[in-house]
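The values are calculated or read from the model by the stated rules, or taken from the named source; none is laboratory data. Keep in mind the model is a prediction, meaning the values are calculated, not measured. Reconstructed Cβ throughout: ideal geometry from the backbone, glycine too, with neighbour counts over all protein chains shown. The area values use the complete protein model at the heavy-atom level, side chains included, leaving out ligands, DNA and RNA. Shrake-Rupley method; radii C 1.70, N 1.55, O 1.52, S 1.80 Å.
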Amino acid sequence: MPRSSPFEPTRDAPPAESEGLGLSQLAGLLRRSWRWIVIPTALVTIGAIAFVQVVSPRYTGEAKILLESRDTPYTRTAQERGEQTQPIDEQAVASQVQVVMSRDLAREAIRRLSLAGNAEFDPGVSGFGPLQRALMMIGLAKNPMERPPEERMLETYFDRLTVYPAGKSRILTVEFRSKDPHLAAQAANTIAELYIASLDAAKTDTARYASTWLGGNIETLRTRVADAEAKVETYRASHGLIATGGAAGQPLGAQQLGELSTQLSQARTAKADLAGRAKLIKEMIKDGRAFEIPDVANNEIIRRTVEQRITLRNQLALESRTLLPAHPRIKELTAQISDLDAQIKATAERVVRTLENDARIAEARVESLSAAVDAQRDVVSKGNSSEVQLRALEREAKAQREQLESYLARYREASARDAESAAPADARVVSRAITPETPSFPKKLPIVLLAAVLGLLFATGGVIARHLLGDPDGPGRRRRREEETETGAERPAYHHQPFAFPEASLAMARQGDAAGAPLKAAARPVPAAATPEAATVRPTLAPVRAEATTAAPEAATADAGAYALEALIARLRTGAGPALSGEGRAVLVVEAVPAKRSEAGLAVSLGGSLAAGAHVVVVDLNGPACGAEDVGLTDLVAGEAAFADVIQSIPGSRLHAIPRGFVDAAILAEEPQALAITLDALAQAYDWVVCRLGTPQVQTARDILAVAGGRMDTVVLASDRNPEDSDLLDLYALAEASGAAQVLVAQDQAAASLAPEAPAFSEDAMPLRRSAA
């Protein structure tokens, strides 16, 4: 029962066409069409060489201008000195680029450089052609000679001029191209000088305009200031608002009111002081301490009276020691002391009456001053309305005066800047143009190289496009179809489904190996002693199988060729265990004995025998390299070919074959993941995958055996040597170490006839065992 496959078989379907070209096919196509590539490339290169030799060279003069503020503290105004200079931003630099390329500056540069009459810039010098004359006669073109000379040359001038900022800096680069190197340098320097002169002239014009405008307005302001101040004085005199000239500048009425208020405060203070002193003296007199009163104690009479009283009291004390109180002397002294106390009291009472009189006088003064203040307050309140109008007139006069002073200060500063070169321009030349020695156009070597590369690319593209449009199939498949047509053999067809081809898996494996984390393909089934089973990778490619016919082709006999194939095939079918569902068996035949020219090797003979009732593909791992027009297994593993390109049909047989390929066989050992995915894909598509590996004594073949052995159900060693031969034993050990499910040794019948004790294929010739690796 045929196995399910993602590609349904169609016997009559035409072969699938390959999309594009593989790398190996592309290399062969380019080698075959080298004339169509070399000749156009050479012609283009020769044309470029002729062009750079014939065209007139052009030279470029380059000058650089730095934009910066060059105002010094001495040339700036007093107000500007306290302000921070604004930096020049990118918008300002872009604006200055347009200033350099202005038409006014261009006309002045044309006059300075005397470009009128220069055939390179003036179109009227070399004359007009017949076509242009005809167009001017019928009115379709204007006569350039009707315009001024500067206007005629502006278009050419701007074509040769380039102005741009150097990166994000404040440096402007001025480039001018000309056939004359001296003119190119002179033009660049002239344009830079004219630009700086224009900035200087703009500053001078601004200062001159400011001084003229300020001078005309200053006279008007002086008249207005005089009128305003006259109005203030007239109004003040008419309303009696005469100022005394003090610091405050107050009117006379307000000043009088202030003085009266001060006097009233002083009178009230004096009144309160006198009243308080009188009250205090009265209390001291009542307490008998009149002589302690300052006004009384300071009196000369009271001072002598007090001294007499003290003397009498001393005498009284002295007499009292010998005399009784009723003694006349004691009474006399007591009477004198009492009289002195009465005099002191009378004096204190007079002081009290004096203070009371002064207090009454102060009270009367307070009353009179209060009346005067009230009257003056009425006068001042009536004059306040007039003062409001006066202050308004004064403010107007003051504002006019300040404006006049400001205009005068600005006029003096503008007049100082009005002179030529009074204020430097905000730019300076930092690099003047020198006469160039090397032309800027044409750059001979870059132009020739670019032309050669473009010619090569276009010629190569033309060859590939011609091949793809004319013959979409590759040359190898076209040749194989021709051979199949001649032999009448059928080529299995392939139908592509909308899911991934095995080429995608191969690309993933190559990318993983390049990244240091290779994609691990699943190992083929091994016995319990082998490595653990991994996840199975199932590529999606299967050849379309021809429908089984009732009459099977003639199978090879068991003793066909030099090997007993019947016993070998039986051992292959039973020795390695049953195949997985949907997978074929993989066999690696290591041909230690090269086949004769007239005979097929064991791998081909075995594949032919198996193809009698199954779908078989024979894969050559390290055979002879294919031609440049053909591809094989190594190209498939390297990613330079597709499955549909490498699978070939053997004429007259249902056996399919995959040659080695154009790429070196060492890539099979270098790309183990890609090789494993390729073999798994073939096992999904065929019942038997027979791989041939020759010349096992070569190191490359041994490396391939070590890599591919683990993907095989059986490794067959085809040898004519004695089973005890050391080379055969080493090869057997290498096959076991590769991880093959079983390893068999097949001897040819000729060697068996020479050694009767060892049959041509016998299990006793060498222990037949499964690999434990």
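K345: which lysines have alpha carbons under 25 Å from its alpha carbon, excluding same-chain residues fewer than 8 sequence positions away? The qualifying lysines are K271, K279, K282, K286, K331.
On the range 139-225, 54 percent of the accessible area sits on carbon and sulfur atoms, based on a 1.4 Å probe. The 1.4 Å probe gives accessible areas that order F441, F458, largest first, as F458, F441.
The stretch between T435 and Q255 holds 56.2 nm of extra length on full extension. This uses 0.36 nm per residue minus the Cα-Cα distance. Extension gain for S69 to A237 (0.36 nm times residue separation, less C-alpha to C-alpha distance): 54.9 nm. Taking amide H as placed 1.01 Å from N in the peptide plane, A586 has its amide H under 5 Å from the amide H of V689, D713, T714, each at least 5 places away in sequence or on another chain. Take the Cβ atoms of S726 and T700, set R0 to 30 Å, and the FRET efficiency comes out at 0.90.
Using a Förster distance of 22 Å, how high is the FRET efficiency between S114 and K179, based on the Cβ-Cβ distance and rounded to 0.05? FRET efficiency, S114 to K179: 0.90.
Bridging of K443 to lysines at a Cα separation below 16 Å is possible for K179, once same-chain residues fewer than 8 apart are set aside. What the Cβ-Cβ distance of A614 and A666 gives, at R0 = 35 Å and to the nearest 0.05, is a FRET efficiency of 0.65.
How much length is gained on full extension from A570 to A197, taking 0.36 nm per residue of separation minus their Cα-Cα distance? Using 0.36 nm per residue and subtracting the Cα-Cα distance, I get 123.7 nm.
With the simple spin-label model, which puts each label point 7 Å out from Cα in the Cβ direction, the L43 to D339 separation comes to 16.9 nm. For a label point 7 Å from the Cα of L445 along Cα→C-beta, name the residues of the range 37-64 whose backbone N is under 17 Å from it. Taking a point 7 Å out along Cα→Cβ of L445, the residues of the range 37-64 whose backbone N falls under 17 Å are 49, 52-53.
Only lysines eight or more places from K398 in sequence, or on another chain, were considered; those with a Cα closer than 26 Å are K231, K382.
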